[in-house]
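Just so you know, all these numbers are worked out from the coordinates, no wet-lab data involved. Owing to the predicted nature of the structure, the values given are computational and were not obtained by experimental measurement. As a convention, Cβ positions derive from the backbone with ideal geometry for all residues, glycine included, and neighbour counts pool all protein chains shown.
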Amino acid sequence: MRAEEAQLSELLVRIYENVLLTEEQALSKGYFSDLSNAEMHTLDAIGPYEARTMTETATDLGITTGTLTVAIDRLVKKGYVVRKRDEADRRIVRISLTKNGKLACRIHTKFHTVLAKRILEPYSPEDQEKLIKMVSEIDDYIASQLKRYSGSDSIRKTAKKVAEEGRRRE
Amino acid sequence: MGDNGDPRERMNDDVSLDEPKMKDLILDDLIKMLTDMLEISPTDIRPDTMIFEELDLDSLQLYELVVDLEEVYSIRMPDEDLDAVKTVGDVVDLVFRLSTQPEK
């Protein structure tokens, strides 16, 4: 591997890990220390405004409604989320944030924007634009790679292919 | 905040209210919210009062205020707008602008 490749590869993993760790640390030392990072992102997916359905929210988070139900149970108990039946269609349950949930969501969004602001600050407007363009290209590329694996069937197929190739090589 | 239902009704019913009157109503609401939150006297709050330096509002208290104002006035107060807010009067101007602009 070329030095640049090794360096970028290491940086990508480290940025990913450190953003997560920083969020966790900030959460555990902040006003909402009873929330885990995953719970905070669930609140974020519900958002501070309109009530949302379980299906919509689960799709946004990339999890099943079953997994979301367990998470929402816990968030209701902690006082961050409320469940309400849809007035027009009683079969539909909508979830929305309580005042505390809205507060957590707003403060969390602020955390991310301040982080981004501090990263961009040292650069000139032209360089900021260039940086965003390059990082977007990285994001697009990685998203396109993820798409190849999306859907559990294709994951299995890909895993099978990789395993067969491995066996052939042996 | 049960008794905060009236300001919105007031605003919807009295669309004929002129700008200074509406801003006075918003200021009254804001003063009530701030005195409830900070346990200070209403006379300590003027439009030119600095919300961070003088009232010592922290970021959590600012967002508490924001969440309440959003609910009472049915508005959304984005962070970009909040970043520019320095005085009580700035908050009043922002709420006025957001609640009178046509919905996107």
### Query
From the backbone phi of segment A:45-57, what are the Karplus-calculated ³J(HN,Hα) couplings (6.51 cos²θ - 1.76 cosθ + 1.60, θ = phi - 60°) in whole Hz, Gly and Pro given as x?
5, 6, x, x, 10, 4, 5, 10, 7, 4, 5, 4, 5
### Global size of the protein assembly as shown as Cα Rg and Dmax, reported in angstrom
23.8, 83
### Query
Starting at 0 and stepping by 10 Å, how many percent of the alpha carbon pairs of segment A:3-122 end up in each bin?
12, 37, 30, 14, 6, 1, 0
### Query
Could you give the alpha-carbon Rg of segment B:43-104 over 2.2 N^0.38 Å, rounded to two decimals?
1.10
### Query
Short version: ³J(HN,Hα) in whole Hz for each residue of segment A:102-114, in order, from phi by Karplus 6.51 cos²θ - 1.76 cosθ + 1.60 (θ = phi - 60°), x for Gly and Pro, what are they?
4, 4, 4, 5, 5, 5, 5, 4, 4, 3, 5, 5, 5
### Message
Please compute the length gained on full extension between A:Glu137 and A:Ala163, using 0.36 nm multiplied by the number of residues separating them and subtracting their Cα-Cα distance.
### Response
6.3 nm
### Neighbour-limited loop hits for trypsin sites (Lys or Arg not before Pro), segment A:69-135 (at most 14 other Cβ within 10 Å; DSSP other than H, G, I, E, B)
A:Arg90, A:Arg91
### Message
Counting other C-beta atoms within 10 Å, and keeping those with at most 16, which DSSP coil trypsin sites (Lys or Arg not before Pro) do you find in segment A:1-54?
### Response
A:Arg2
### Query
Amide H of A:Val81: which non-local residues (sequence gap of 5 or more, or other chain) have their own amide H closer than 5 Å, using H built in the peptide plane?
A:Val76, A:Thr98
#### Entry: Karplus (6.51, -1.76, 1.60) ³J(HN,Hα), θ = phi - 60°, over segment A:126-140, in Hz, Gly and Pro reported as x
5, 5, 4, 4, 4, 4, 5, 5, 5, 5, 4, 5, 4, 4, 4
### Query
What list do you get for B:Leu38, A:Leu97 if you sort them by fewest beta carbons within 10 Å?
B:Leu38, A:Leu97
### Summary
Relative to chain A, whose Cα atoms define the longest principal axis, helix A:152-169 and its Cα axis are tilted in degrees, nearest 10, by 30
